[in-house]
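Colleague: Dropping a structure here in structure tokens format, bear with me for questions.
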Amino acid sequence: MKIICSIEELRDHLRGQLRTAFVPTMGSLHEGHLSLMRLARQHGDPVVASIFVNRLQFGPNEDFDKYPRTFQSDVEKLEKEGVYILFAPTEKDMYPEPQEYRVQPPDSLGNMLEGEFRPGFFSGVSTIVTKLFSCVQPRVAVFGKKDYQQLMSVRNMARQFAMPTEIIAAETYRAEDGLALSSRNAYLSDSERAEAPELYRVLNRVAQNIRNGNDDIGKHEQLAMRSLAERNWQPDYVAVRRRIDLQSPSADDIAQKTPLVVLAAAKLGKTRLIDNLEI
């Protein structure tokens, strides 16, 4: 595996490649990330991964400086997966001058749910993904469904800008107890790790109620929030939305069984976890 930091060198190595499959990451890799590499290989060749902790998507009071960084371990894992190139730019490589041009998603997607609680997050994500796509020029790129709103934002951006990159969605990779794998899980204490799967259980209860025909969505959302709070979580949201655009479903949507997704974000101790479940 080649480890490349400069954009020019990356382009030199990939010149003429027409089937590049790309997996962007912020490192601290776990089995969920590695499953993305395997899916990428099914859709293209060579497989390129990136590791870059993107300052633009972190708010002023978020965990940029503390975000887990395990570069040597990440390299070993990617080598075992047969990744061809690891693009690992420094901030100076990626942002040699202040990134004054930004990609701004529409308010209807970028300012709700995660965007409401993390202002500027989706602009930061959209900007770095656009720049990484410009560097790698992949035919396909793989993103996990765990970050459901992010996946939708990137997919819509790629379509509206007519980017020559197909966005592939990967199913959420879970531990045996149901907890969605996340680099931030490393922040959890032992007792918090034992409690963490409750978020997925709450999502399942909401989804099951809706499948059973109980269509009072607001009630299900409120009960889920209360259930988490009673177990000492600090929930930001539990929300049932239409899969197609993440807008709240109407009565007609419920009656016509429009595909839905229930999404949640909550703090457990100092760790903020997100998850979702398609209905």
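The values are calculated or read from the model by the stated rules, or taken from the named source; none is laboratory data. No experiment lies behind these values; they were computed from the predicted model shown. Using ideal geometry, Cβ is built from the backbone for each residue, glycine included, and neighbour counts are taken over all protein chains shown. For accessibility, only protein heavy atoms count, side chains too; no ligands or nucleic acids. Shrake-Rupley method; radii C 1.70, N 1.55, O 1.52, S 1.80 Å.
Colleague: Segment 136-231: percent of C-alpha pairs farther apart than 22 Å?
Modeller: More than 22 Å apart: 49 percent of the Cα pairs in segment 136-231.
Colleague: With r as the distance between the Cβ atoms of R226 and Q256 and R0 = 35 Å, compute the FRET efficiency 1/(1 + (r/R0)^6) and round to 0.05.
Modeller: The calculated FRET efficiency here is 0.75.
Colleague: Looking at the chain, I'd like the Rg to Rh ratio, where Rg is from alpha-carbon atoms and Rh is Kirkwood's inverse mean 1/r.
Modeller: 0.97
Colleague: Could you give the length gained by full extension between I3 and D245, i.e. 0.36 nm per residue of separation minus their alpha carbon distance, to one decimal place?
Modeller: 83.4 nm
Colleague: For segment 59-211, what number results from the quotient of the Cα radius of gyration and 2.2 N^0.38 Å?
Modeller: Scaled against compact globular proteins, the figure is 1.18.
Colleague: Another one. Restricting to DSSP H runs of at least four residues, report the calculated mean residue ellipticity at 222 nm for the chain, -39500 (n - 2.57) per run over all residues, nearest 500 deg cm²/dmol.
Modeller: About -11500 deg cm²/dmol.
Colleague: What residue among I244, I85, I254 has the largest mean-square fluctuation in a Gaussian network model of the chain, using Cα springs under 10 Å?
Modeller: Maximum among the listed residues: I244.
Colleague: What does the C-alpha gyration tensor say about the overall shape of segment 1-141? Classify as rounded when a/c is under 1.5, otherwise prolate if a/b is larger than b/c, or oblate.
Modeller: It comes out prolate by the Cα gyration axes.
Colleague: Mind checking the angle between helix 217-230 and the chain's longest principal axis? C-alpha axes, 0 to 90 degrees, to the nearest 10.
Modeller: With both axes taken from Cα atoms, the answer is about 80 degrees.
Colleague: In whole angstrom, note down how far apart the Cα centers of segment 124-189 and segment 61-79 are.
Modeller: Cα centroid to Cα centroid, the span is 17 Å.
Colleague: Relative contact order for the chain: what is it in percent, counting Cα pairs under 8 Å that are at least 6 residues apart?
Modeller: Relative CO of the chain lands at 18 percent.
Colleague: Something else now. Using a 1.4 angstrom probe, figure out how much accessible area segment 58-135 has per residue, in square angstrom, rounded to the nearest whole.
Modeller: On a per-residue basis, segment 58-135 sits at 55 Å².
Colleague: Right, here's the next one. Take every DSSP beta bridge whose two residues both sit in the chain, then give the antiparallel share in percent to the nearest 5.
Modeller: Antiparallel bridges make up about 50 percent of those DSSP assigns within the chain.
Colleague: Considering only protein heavy atoms, what is the solvent-accessible area of D216 at a probe of 1.4 Å, reported in Å² to the nearest 10?
Modeller: Answer for D216: close to 80 Å² accessible.
Colleague: Cut-off 10 angstrom, C-alpha nodes, Gaussian network model of the chain. Which of A196, A255, A239 fluctuates the most?
Modeller: A255
Colleague: Next question. Once the whole set of protein chains is in place, how much accessible area is left on L199, using a 1.4 Å probe, in Å² to the nearest 10?
Modeller: 10
Colleague: Once neighbouring chains are kept in place and the probe is 1.4 Å, which whole percent of the accessible area of segment 120-279 is contributed by carbon and sulfur?
Modeller: Roughly 47 percent, rounded to a whole number.
Colleague: Right, something else. With just the Cα atoms of segment 189-263, tell me how far they stretch along each of the three principal axes, in Å, largest first.
Modeller: 43, 21, 18
Colleague: Moving on to the next point. Which is the longest stretch in the chain that no exposed loop site breaks, taking sites as GluC sites (Glu not before Pro) with a DSSP loop state and at most 16 other Cβ atoms within 10 Å?
Modeller: 177-279
Colleague: Could you tell me which of rounded, prolate or oblate describes segment 73-113, using a ≥ b ≥ c as the square roots of the eigenvalues of the alpha-carbon gyration tensor, with rounded for a/c under 1.5 and, failing that, prolate when a/b is larger than b/c and oblate otherwise?
Modeller: oblate
Colleague: Once fully extended, how much extra length lies between Q99 and N214, figured as 0.36 nm per residue of separation less the alpha-carbon to alpha-carbon distance?
Modeller: Result: 36.6 nm gained on full extension.
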